[in-house]
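Below is one structure, written out as structure tokens, with a few remarks after it.
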Amino acid sequence: MQQSQLRCVFVTVPPLLAAILVEALSRRVELHLLAEFDAREGLAERLEGLTPDLLVVGLTPGEPDALGASLIRLIPRGKVLLISNSGDQAFVYEMRSCRSVLSNFSPDSLLTIVLGHNSTSPIEPSLPKI
């Protein structure tokens, strides 16, 4: 069975959280980490030519997820995962004008949402859409 590939870019994701995400994603897909950026300035220019399937952005404490709506325009065929620095809250944006709010999630349920159709065995998430 061939494993799906996922091209990712991490932005302002704390190192420990990045390591956890890489480990979890790598269990389900062949992960290609295209770049890691410590700052968001000039992100649009830095993403040119990278064409990630997934853009993972670490949120600062108390930061709202409104950033996702503008970031998804940078990768219209991909997904944007905004995740709190503590890893207890995550928001997934897709160009299909969909926002999923996740709380009390397991690594597997997070992967199911993030990977969606990219997974080798797709599972439809049962989370409410807002």
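Test Asp65 against the criterion of being surrounded by 16 or more Cβ atoms within 10 Å (Cβ to Cβ), touching a Cys at 6+ places or on another chain (Cβ under 8 Å) and either closer than 19 Å to Leu115 by Cα or free of Cβ contacts under 8 Å to residues at least 40 places away in the same chain (or both), and give yes or no.
On the way: surrounded by 16 or more Cβ atoms within 10 Å (Cβ to Cβ): yes; touching a Cys at 6+ places or on another chain (Cβ under 8 Å): no; either closer than 19 Å to Leu115 by Cα or free of Cβ contacts under 8 Å to residues at least 40 places away in the same chain (or both): yes.
Taking the combined requirement at face value, the residue does not satisfy it.
Being exposed (fewer than 12 other Cβ atoms within 10 Å of the Cβ), among the aliphatic types (A, V, I, L, M) and at pLDDT 90 or above narrows it down to one of Ala39, Ala24, Ala90, Ala35, so name that one.
Values: Ala24 fails: exposed (fewer than 12 other Cβ atoms within 10 Å of the Cβ); Ala90 fails: exposed (fewer than 12 other Cβ atoms within 10 Å of the Cβ); Ala35 fails: exposed (fewer than 12 other Cβ atoms within 10 Å of the Cβ).
Of the residues listed, the single one that is exposed (fewer than 12 other Cβ atoms within 10 Å of the Cβ), among the aliphatic types (A, V, I, L, M) and at pLDDT 90 or above is Ala39.
The values are calculated or read from the model by the stated rules, or taken from the named source; none is laboratory data. Since we're looking at a predicted model, the values are computed, not measured. Because the Cβ atoms are built from the backbone with ideal geometry, glycine has one as well, and the counts that use them run over all protein chains shown.
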